[in-house]
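Participant: Here it is, the structure, as structure tokens.
The values are calculated or read from the model by the stated rules, or taken from the named source; none is laboratory data. This one's a predicted model, so the numbers in the text were calculated from it and none came from an experiment. Cβ atoms come from the backbone with ideal geometry, glycine included; neighbour counts cover every protein chain shown.
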Amino acid sequence: MIDEVAAARGPIRVLFIANRGEIASRIATTAHRLRIVPIVPLVGGTDGGVAGPARGDATGIWRPAADPVDLLDPADVVRAALAAGADTVHPGYGFLAESPALAEAVVAAGLVWVGPPPDAIRTLGDKARAREAARRVDVPVAAGDEPDDQSDASLAASADRIGLPLLVKPAAGGGGKGIRVVRRREELQPAFEAARREAARAFGDDRLIVERYIAPARHVEVQVLADAHGSVLHLGDRDCSLQRRHQKVLEEAPAPGLAPELRAVIRAAAVRVARAVGYESAGTCEFLVADDGSWVFLEMNARLQVEHPVTELVLGRDLVADQLRIAEGAGLAELGLDQGDVEAALETGGHAVEVRLNAEDPSAGFLPSAGPVVAVRWPDGVGAFGPAGHGGIRVDAGIAAGDLVGGAFDPLLAKIIAHGSDRAEALLRLAGALDETEVLGLVTNLAFLRRLVRLAVVREGRARTETLEGLAGEAVATTSIPEGAWQVAAEALAGAADGDLWCGGWRLNAAARLRLAADGPDGPEERSVELASAAVPAAAPEAPATTDPAPAPLAIRAGDVVHVSVGGRSVPFQVAQPPNLERTTSPRGSAGAESATDLVAPMPGTVLGVHVAVGGSVQAGDRVATLEAMKMEHVVAAQRAGRVAELFVKAGDRVERGRLVARLEVEA
């Protein structure tokens, strides 16, 4: 039956990409190279965020769909694909990529689905069924429970049987969403509530499982590829241990430091699981490997992974091209794939490392950020998407200057990947590429990534799944805004004064000076800056240069704001405003200026709920409100005991970073 289905397929001519951002760009680029017409939809949204790669029509790589598409509605995706004249649908990752309902709707409409069969997606998307499938082929799983009774009492009883520490996980979906680590019994109930809420929003399914938490451990995964004729093979392994809140930050291939026999066993286990569920296309089996060499199966992602480029660079393959050929009916042998040849290529393919450039603020606990993309600079010689040809560097990007990043989607902006003959060379190249990268206009994790790839624990391959939690201070260290950044910003703002003496810093019988305000990593700052043109007397002799001067930081002016790169962090500067009654009494605070009495939104987002009422009492640590942005929840909590004097938000409100949420009265 499988062979009959494959034989009925034919060449793909028009590909509808049911996604957005960098993965839509990445898939479209391969389709274009294969002479397939890619259609990228405009994504419907309400927060003004980046709606989709609408620049494709200008580059000639893809054609935009005619109207916005709801990528969380299978019927709307199929409607749009048919309207665009597509014959095939590629889901990318995220959204409905692992939705059996979308796969079924695509096939029912007479279109080709790029991915595994709906039944395989359904089995793997249910962690309980996936664990059972693994057990059937002698692949070990972590101790856990998937109770039919989903009441809190039933889940708590399962937790008591398994023992602490444990994980509370959504039964559906993947990508680390909704997972909570529970180390104390009193954390169970809040974990159930939060995991259910996130699972329902992300996957439309709030069922939970509880599972033994294994730590310290490494997160190792195996890339598999399967055709519609029953052939399955692996394309090597990756290490994804560097994670934050169960979201991967750095990924590499192959996984460093695995014993050869352990590597072979895990790779073989991944092939068995894929074959057991009737898999087709590209997929990834994920495992936890303890320091004593024991290992367990976690889950299988029925889609292309974010980190697939590291495998591509090691093997010199295009996994999206492989997916498309398999969807056309080609077998692995037709793709030139043989397991022995793949393993030989892995031995000589060198090493690749990838990091995720996200819209988030490491100095504020990695909370999501938002704003305009004023300027972007990628490593020298690398475009928005390109092969690892120039110095072994590749960038898969989903942003360009002029875009607006909102809070409706995941924070991934781009992936920066380096390849080398060995791990040390790949990391060295990645560090250099990150130093050359700049994104101005909104806060990103770029400065954090620059530090991360230079840490000894990373260079030496000692990272475990909890490593980043213990390295917060070392990897997220902030630096004050240097004098050079203030000076560059002042000159740019004075130069934009268009003859206005006051805005240009002019003072009678004194050097020109501007008072600037900046929103830096340590919060808002103000400083009076003397303009360089007035700081040095015209007759002063020029001092001999003894060393090369430090290069001026990158600065871009957008209107009345100058965005300056401070070690990779975009810091906005503008002429400081004098205080006035409206600004003093407005229900806005300053991000980073939260006190015991004024609670402010630490990130832009949506208010999911307000947990107190005016006049009510709170204790230190009590929840006041819960915000959500980029699929992440954050609780705004009371810093001290007191009484709620005022509330400035309600459920459903959109808030900016720094918006006043509540005011408390506390005893002296």
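Participant: From the list VAL314, VAL310, VAL355, which one is assigned to a strand (DSSP E or B), modelled with pLDDT of 95 or more and buried (at least 22 other Cβ atoms within 10 Å of the Cβ)?
Facilitator: None of the other options fit; the residue is VAL355.
Participant: Identify, please: which residue in the stretch 238-281 is crowded, with 24+ Cβ neighbours inside 10 Å and among the small types (Gly, Ala, Ser) and is, among those, nearest to the chain's Cα centre (by Cα)?
Facilitator: Looking at residues that are crowded, with 24+ Cβ neighbours inside 10 Å and among the small types (Gly, Ala, Ser), I get SER241.
Participant: Given the structure, is GLU466 under 25 Å from LYS177 (Cα atoms) and either among the acidic types (Asp, Glu) or not assigned by TED's automatic domain parsing to the domain that holds PRO256 (or both)?
Facilitator: Here the answer is yes, as GLU466 does meet what is asked.
Participant: Go through the stretch 282-315 and give me each residue that's farther than 14 Å from VAL220 by Cα and either charged (D, E, K, R) or free of Cβ contacts under 8 Å to residues at least 60 places away in the same chain (or both).
Facilitator: Once the filter is applied, which keeps residues that are farther than 14 Å from VAL220 by Cα and either charged (D, E, K, R) or free of Cβ contacts under 8 Å to residues at least 60 places away in the same chain (or both), the stretch 282-315 yields ALA282, ASP292, ARG303, GLU312.
Participant: Check the stretch 201-223 and report whether any residue there is assigned to a loop (DSSP other than H, G, I, E, B) and closer than 19 Å to ALA133 by Cβ.
Facilitator: Yes: the stretch 201-223 contains one or more residues that are assigned to a loop (DSSP other than H, G, I, E, B) and closer than 19 Å to ALA133 by Cβ.
Participant: Here's a follow-up. Search the stretch 623-668 for residues being acidic (Asp, Glu) and at pLDDT 85 or above, and hand back the single one that is nearest to MET603 (Cα to Cα).
Facilitator: My answer is ASP653.
Participant: Can you tell me how many residues within the stretch 15-37 are farther than 18 Å from VAL78 by Cα and not in a helix (DSSP H, G or I)?
Facilitator: Of the residues in the stretch 15-37, 3 are farther than 18 Å from VAL78 by Cα and not in a helix (DSSP H, G or I).
Participant: When you check ASP119 against the structure, is it over 26 Å from the mean Cα position of the chain (by Cα), within 30 Å of LEU155 (Cβ to Cβ) and modelled with pLDDT of 95 or more, yes or no?
Facilitator: When the stated conditions are applied, ASP119 passes them.
Participant: Please list, ordered by first then second residue, the pairs with beta carbon atoms under 9 Å, 6 or more apart or interchain, first in the stretch 452-467 and within 19 Å of ARG356 (Cβ to Cβ), second in a loop (DSSP other than H, G, I, E, B) and of a type in the set (Asp, Glu).
Facilitator: Final answer for the pair search is ARG464/ASP291.
Participant: Can you tell me which residue in the stretch 126-150 is surrounded by the most Cβ atoms within 10 Å (Cβ to Cβ), limited to those that are touching a Ser or Thr at 6+ places or on another chain (Cβ under 8 Å) and in a helix (DSSP H, G or I)?
Facilitator: Step by step, filter the stretch 126-150, then rank; the result is ALA130.
Participant: Of GLU286, GLU251, GLU187, which residue is assigned to a helix (DSSP H, G or I) and not hydrophobic (A, V, I, L, M, F, W, C)?
Facilitator: Sole residue among the options that is assigned to a helix (DSSP H, G or I) and not hydrophobic (A, V, I, L, M, F, W, C): GLU187.
Participant: For the stretch 54-77, does any single residue satisfy the condition of being out of contact with any Cys (no Cβ under 7 Å at 6 or more places or on another chain), surrounded by 24 or more Cβ atoms within 10 Å (Cβ to Cβ) and modelled with pLDDT of 95 or more?
Facilitator: Checked against the condition, which is being out of contact with any Cys (no Cβ under 7 Å at 6 or more places or on another chain), surrounded by 24 or more Cβ atoms within 10 Å (Cβ to Cβ) and modelled with pLDDT of 95 or more, the stretch 54-77 yields at least one hit.
Participant: Determine if the stretch 421-430 includes at least one residue that is modelled with pLDDT of 95 or more, buried (at least 24 other Cβ atoms within 10 Å of the Cβ) and within 20 Å of the chain's Cα centre (by Cα).
Facilitator: yes
Participant: Could you go through the stretch 416-435 and let me know if any residue there is in a loop (DSSP other than H, G, I, E, B) and over 27 Å from ASP522 (Cβ atoms).
Facilitator: Scanning the stretch 416-435 turns up at least one residue that is in a loop (DSSP other than H, G, I, E, B) and over 27 Å from ASP522 (Cβ atoms).
Participant: While we're here: Quick one: which residue in LEU298, LEU337, LEU319, LEU332 is under 18 Å from VAL271 (Cβ atoms), at pLDDT below 95 and assigned by TED's automatic domain parsing to the domain that holds GLY236?
Facilitator: Of LEU298, LEU337, LEU319, LEU332, the one residue that is under 18 Å from VAL271 (Cβ atoms), at pLDDT below 95 and assigned by TED's automatic domain parsing to the domain that holds GLY236 is LEU298.
Participant: Can you tell me which of ASP560, ASP598 is of a type outside the set (Gly, Ala, Ser), over 24 Å from ARG515 (Cβ atoms), within 36 Å of the chain's Cα centre (by Cα) and at pLDDT 85 or above?
Facilitator: Result of the check over ASP560, ASP598: ASP598.
Participant: Residue under question is VAL457, and the condition is that it be out of contact with any Asp or Glu (no Cβ under 8 Å at 6 or more places or on another chain), assigned to a strand (DSSP E or B) and among the hydrophobic types (A, V, I, L, M, F, W, C); does it hold?
Facilitator: It is false that VAL457 is out of contact with any Asp or Glu (no Cβ under 8 Å at 6 or more places or on another chain), assigned to a strand (DSSP E or B) and among the hydrophobic types (A, V, I, L, M, F, W, C).
Participant: While we're looking at this one, here's another question. Which residue pairs have Cβ atoms closer than 8 Å, lie 6 or more positions apart in sequence or on different chains, and pair a first residue in the stretch 412-425 that is assigned by TED's automatic domain parsing to the domain that holds GLY398 with a second residue that is assigned to a loop (DSSP other than H, G, I, E, B) and polar (S, T, N, Q)?
Facilitator: From residues that are assigned by TED's automatic domain parsing to the domain that holds GLY398, the pairs are LEU413/THR444; ILE416/THR437.
Participant: Quick check on the stretch 263-295: of everything there that is in contact with a strand residue (DSSP E or B) (Cβ under 6 Å, 6 or more places away or on another chain) and small (Gly, Ala, Ser), which residue is modelled with the lowest pLDDT?
Facilitator: Looking at residues that are in contact with a strand residue (DSSP E or B) (Cβ under 6 Å, 6 or more places away or on another chain) and small (Gly, Ala, Ser), I get ALA290.
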